[in-house]
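The values are calculated or read from the model by the stated rules, or taken from the named source; none is laboratory data. Since the model is a prediction, treat every value here as computed from it, not as a measurement. Here the Cβ is made from the backbone with ideal geometry for all residues, glycine too, and neighbour counts use every protein chain on show. Accessible surface is based on the protein model in full, side chains and every heavy atom, while ligands, DNA and RNA are left aside. Shrake-Rupley method; radii C 1.70, N 1.55, O 1.52, S 1.80 Å.
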Amino acid sequence: MNTLGRSGVEVTDLALGAAPLGNLFTEVTDEQAYGAVAAAWQQGIRYFDTAPHYGLGLSERRLGAALREHPREAYTISTKVGRRLDPSDTPGDDLANGFAVPATHHRVWDFSADGIRRTLDASLERLGLDRVDVVYLHDPDDHAEQAFREGYPALEKLRAEGVVGAIGAGMNQTEMLTRFVRDTDVDVVLCAGRYTLLDQSALAGLLPAALARGTSVVVGGAFNSGLLADPRPEATYNYAQVPAELLDRALRMKSVADRHGITLRAAALAYCAAHPAVVSVLVGARSAAEVRDCAEQFATEVPAAFWQELRETGLLTDEEPS
């Protein structure tokens, strides 16, 4: 177990991201969702991450239900604030936002102090819990002023009151996360897709700043939304069509992995976990089989010769993972 900053909140090296349990792109049954969480527990995973955004609350409801049979003190759970869910009478689905669920609610960006408390209260109700361990400001990219002026102080107050144990921000970019690390007292940041075999932009500022400040980093998006899990023309990169040059690079990496008797998935997870600022790698899974595969790949030892070949061939140019 690793501690988030100076908070005392502990997380496991491998964590389960529950966005797929909110019907990300395709439907998942309640049984499949329960099976994914149960498999994660069996594999020793004790850190679970969700958000209201994921399936308009469906992910939170399913995760809370699946964890209800376990002692509350035995696991760590995080959710997010910044997107308030308001009831909607609009017919149709939420596929435009990436989730195969009925459009029962619509999202309202809200990083105000009142909005954050209301959003957290609603999350607790859906989860069936009286507390969560970690709360992240969720994707405040276009709302920086309100997030720093109102949202962060609100989280800081919730932490001081003991309502939550640790606070932070979760984003798909590094510049604003670096600002959170340098200019606030966050315990942790969740960086998605910016520290992977294909994108090391977090090395430029975020990861060194986190090390200097003693701020923990949770890394998500290890597979860049699918390309590094299964490189093929139909794969996605950052939830969009993969550029030809990145597909070629991923396929070449896969060939190197094959030669060294490992999978590209194992290498992708190992890379994310290697940096000393990183305390947990967050993987999304929609079934027990996917969870078990991720746990198996995460436990795989990646030979030093693999990293050496990647660098000798120019497929990886940063410093070698420790």
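Condition (residue is open to solvent by 40 Å² or more (accessible area, probe 1.4 Å), part of a strand (DSSP E or B) and either free of Cβ contacts under 8 Å to residues at least 24 places away in the same chain or closer than 26 Å to LEU4 by Cα (or both)) applied to the range 93-100: is it met by at least one residue? Among the residues of the range 93-100, at least one is open to solvent by 40 Å² or more (accessible area, probe 1.4 Å), part of a strand (DSSP E or B) and either free of Cβ contacts under 8 Å to residues at least 24 places away in the same chain or closer than 26 Å to LEU4 by Cα (or both), which makes the answer yes. If you check THR196, THR174, THR184, THR178 for being in contact with a Ser or Thr (Cβ under 6 Å, 6 or more places away or on another chain) and polar (S, T, N, Q), only one passes: THR174.
Only one of the listed residues (LEU282, LEU251) is modelled with pLDDT of 95 or more and assigned to a helix (DSSP H, G or I). That residue is LEU251.
Name the residues in the range 114-161 that are open to solvent by 60 Å² or more (accessible area, probe 1.4 Å) and either in a helix (DSSP H, G or I) or on the phi > 0 side of the Ramachandran plot (or both), would you? Passing the criteria: ASP114, ARG117, ARG118, ASP121, GLU125, GLU145, ARG149, GLU156, LYS157, ALA160. Applying the criterion of being open to solvent by 10 Å² or more (accessible area, probe 1.4 Å) and hydrophobic (A, V, I, L, M, F, W, C) to the residues of the range 163-180, the residue that is nearest to GLN146 (Cα to Cα) is MET176.
Against the numbered list (1) surrounded by fewer than 15 Cβ atoms within 10 Å (Cβ to Cβ); (2) at pLDDT below 95, SER88 comes up short only at (1). Please verify whether the range 69-77 includes one or more residues that are open to solvent by 60 Å² or more (accessible area, probe 1.4 Å), within 20 Å of CYS294 (Cα to Cα) and touching a residue at least 40 places away in the same chain (Cβ under 8 Å). The answer is no, given that none of the residues of the range 69-77 is open to solvent by 60 Å² or more (accessible area, probe 1.4 Å), within 20 Å of CYS294 (Cα to Cα) and touching a residue at least 40 places away in the same chain (Cβ under 8 Å). Filtering the range 57-76 for residues that are among the acidic types (Asp, Glu) and in a loop (DSSP other than H, G, I, E, B) leaves a non-empty set. Filtering the range 181-217 to residues that are surrounded by fewer than 24 Cβ atoms within 10 Å (Cβ to Cβ), within 23 Å of THR79 (Cβ to Cβ) and of a type in the set (D, E, K, R) leaves ASP185, ASP187.
Can you confirm whether the range 218-225 contains a residue that is in contact (Cβ under 8 Å) with a residue 24 or more places away in the chain, more than 25 Å from THR184 (Cα to Cα) and open to solvent by 10 Å² or more (accessible area, probe 1.4 Å)?
yes
Scanning the range 261-273 for residues that are assigned to a helix (DSSP H, G or I) and open to solvent by less than 20 Å² (accessible area, probe 1.4 Å) yields LEU264, ALA266, ALA267, ALA268, LEU269, TYR271, CYS272. Checked against the criterion of being in contact (Cβ under 8 Å) with a residue 12 or more places away in the chain, more than 30 Å from ALA65 (Cβ to Cβ) and outside any helix (DSSP H, G or I), the range 162-176 has at least one qualifying residue.
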